[in-house]
Amino acid sequence: MQNLKILRDFGRLEIFREASQYLDQEFLIKAILEDHDHFRNYPPAATFERSFWKWVIDTVETRGEEVDERIYHRYITLLAKPRVPEAQMAPSSSYTTYFIEPPLESKSLLENLIRSPFAREWPGVLSITMLESRKTLEQGTTGLRTWQPGLIFADWLLRNPSIAKGRVLELGCGAGLTAIITALIQKALSDQGETDLSLCLTDFNENVINACKRNVNLQVNQLSERSEICWRMLDWNDALPGAADRESLLTILREFNPTVVFGTDLVYDTTIIPALAYTLSILAFELPNSPDIILAVTLRRMATIETFFEELGKLGLSASMHDLLSLEDTVFAKRNDVDKTAIVKLVRVFRTER
Ligand SMILES: C[S@@+](CC[C@H](N)C(=O)[O-])C[C@H]1O[C@@H](n2cnc3c(N)ncnc32)[C@H](O)[C@@H]1O
């Protein structure tokens, strides 16, 4: 069981030192190179994989044991691949597989859905696979990779699965981690007989929408047959007074008529905050039901969050802030390639008069 945990580090930038104790060459060869085709179908970036095998070789040699030939062979094959300087690389997306032990609150709900490629060896562990950018900015957007608030919010959802009941709208959906977790919870709830469950994923960037769609529909995530999921191009700027496309934004929101709205890491740029606040005010005041609006916000600069709250206040909205777990304490603790230091808060937005 312990040695399976090493798979969490496969394809990540850093390896957890404590993993050295339970490194088992035979297991890694079977799980990664021979018996399973998961990592052949959804490979991590070659540079990440190279550093993983380098760590395996160093660890085995330090123990004074012989390194298996198959591991050397894989490492040498990776070394032979041309190393292109990062700056000259074409879009450098690669697959990330998240292995998740669902917390108690969603364990029994998700039990029948847990179909990780390693379910036989690692029962009870859910896996989610996504093609993600390894850069902060790619094709001019920040939306092609998962950010710290996305990971922390996904963990919070797994601890509060009933929040995903109803018609869930996501703003700025990015690469799709919240979407996949929400869809999994909804699939499980639907199997239990819950009705009126749907998910509408929105973003203003076509590449982001396509990336999210591709990730949700990856065969390995087993959500591709779900007709309850839709994708819509939605630009918060269209919510601004006098915007030419305000009517079409209203139509999208009214047609879907959400009961819950999610958004993670949307409050980072003061220039788009007014448009975001106007979008939230339409959701709160201009739809048949006023949905629950739940955001995960990173406290990078206090001025940014204050601007957001001020803009909400001008539109008759208030917000409450709640603590969330720090990344280390979430089910994604082993993620090493995001900034783990910033504080992420849950922000609920509601009409002031409530
Ligand atoms: C920092 S990313 C966060 C992505 C994802 N929610 C996450 O937490 O990983 C911000 C997202 O907001 C989207 N976004 C930015 N401005 C927007 C606008 N005016 N209308 C709609 N979406 C926007 C971006 O395309 C991107 O997907």
Tally the residues that are farther than 18 Å from N41 by Cα, modelled with pLDDT under 80 and not polar (S, T, N, Q), restricting the search to the range 117-146. 12
For the range 68-88, state whether one or more residues are under 23 Å from the mean Cα position of the chain (by Cα), modelled with pLDDT of 85 or more and buried (at least 19 other Cβ atoms within 10 Å of the Cβ). no
Options F308, F285, F262; residue that is farther than 14 Å from R348 by Cα and in the same structural domain as I209 (by TED's automatic domain parsing): F285
Condition check: within 13 Å of the ligand (Cβ to nearest atom) and closer than 15 Å to S320 by Cβ. Does I294 satisfy that? yes
Of the residues L295, L280, L276, L223, which single one is touching a residue at least 60 places away in the same chain (Cβ under 8 Å) and either touching a strand residue (DSSP E or B) at 6+ places or on another chain (Cβ under 6 Å) or within 30 Å of D37 (Cβ to Cβ) (or both)? L280
For T195: the one exception among (1) part of a loop (DSSP other than H, G, I, E, B); (2) in contact with a Ser or Thr (Cβ under 9 Å, 6 or more places away or on another chain); (3) not acidic (D, E): (2)
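Regarding the range 174-187, can at least one residue be identified that is aliphatic (A, V, I, L, M), surrounded by 19 or more Cβ atoms within 10 Å (Cβ to Cβ) and more than 16 Å from the ligand (Cβ to nearest atom)? Give the derivation first.
Going residue by residue through the range 174-187, those that are aliphatic (A, V, I, L, M) are 175, 177, 179-181, 183-185.
Then keep just the ones that are surrounded by 19 or more Cβ atoms within 10 Å (Cβ to Cβ); that gives 175, 177, 179-181, 183-185.
Retained after the next criterion (residues that are more than 16 Å from the ligand (Cβ to nearest atom)): 184-185.
Yes: one or more hits.
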How many residues, within the range 189-209, are under 18 Å from G176 (Cβ atoms) and more than 15 Å from the chain's Cα centre (by Cα)? 8
With respect to L201, is the statement that it is more than 9 Å from the ligand (Cβ to nearest atom) and assigned to a strand (DSSP E or B) true? yes
Identify the single condition in (1) more than 10 Å from the ligand (Cβ to nearest atom); (2) within 26 Å of I152 (Cβ to Cβ); (3) assigned to a loop (DSSP other than H, G, I, E, B) that A244 does not satisfy, given that it satisfies every other one. (2)
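Based on this model, can you work out whether R40 counts as at pLDDT below 85, within 23 Å of L126 (Cβ to Cβ) and charged (D, E, K, R)?
Values: at pLDDT below 85: no; within 23 Å of L126 (Cβ to Cβ): yes; charged (D, E, K, R): yes.
Spelling it out, it is not the case that R40 is at pLDDT below 85, within 23 Å of L126 (Cβ to Cβ) and charged (D, E, K, R).
Quick one: which of F262, F309 is buried (at least 17 other Cβ atoms within 10 Å of the Cβ) and without any contact (Cβ under 8 Å) to a residue 12 or more places away in the chain? Don't jump to the end; show me each part of the working.
Working: F262 fails: without any contact (Cβ under 8 Å) to a residue 12 or more places away in the chain.
After applying the criteria, what remains is F309.
Here is a yes/no grid of residues against (1) among the aliphatic types (A, V, I, L, M); (2) within 15 Å of the ligand (Cβ to nearest atom); (3) in a loop (DSSP other than H, G, I, E, B):
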site: G263; (1), (2), (3): no, yes, no
site: D269; (1), (2), (3): no, yes, yes
site: P274; (1), (2), (3): no, yes, no
site: I282; (1), (2), (3): yes, yes, no
site: A303; (1), (2), (3): yes, no, no
site: E311; (1), (2), (3): no, yes, no
site: V331; (1), (2), (3): yes, no, yes
When you go through (1) under 27 Å from G124 (Cβ atoms); (2) within 24 Å of the chain's Cα centre (by Cα); (3) modelled with pLDDT of 70 or more one by one for I29, which number turns out not to apply? (2)
Pairs needed: first member in the range 146-168, over 27 Å from S133 (Cα atoms); second member anywhere, assigned to a helix (DSSP H, G or I) and within 16 Å of the ligand (Cβ to nearest atom); C-beta distance under 7 Å; at least 6 residues apart or different chains. I163/L157; R167/F256
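The values are calculated or read from the model by the stated rules, or taken from the named source; none is laboratory data. It should be emphasised that the depicted structure is a prediction, and the values quoted were computed from it without experimental measurement. Here Cβ is always computed from backbone atoms with ideal geometry, including for glycine, and neighbour counts include all displayed protein chains.
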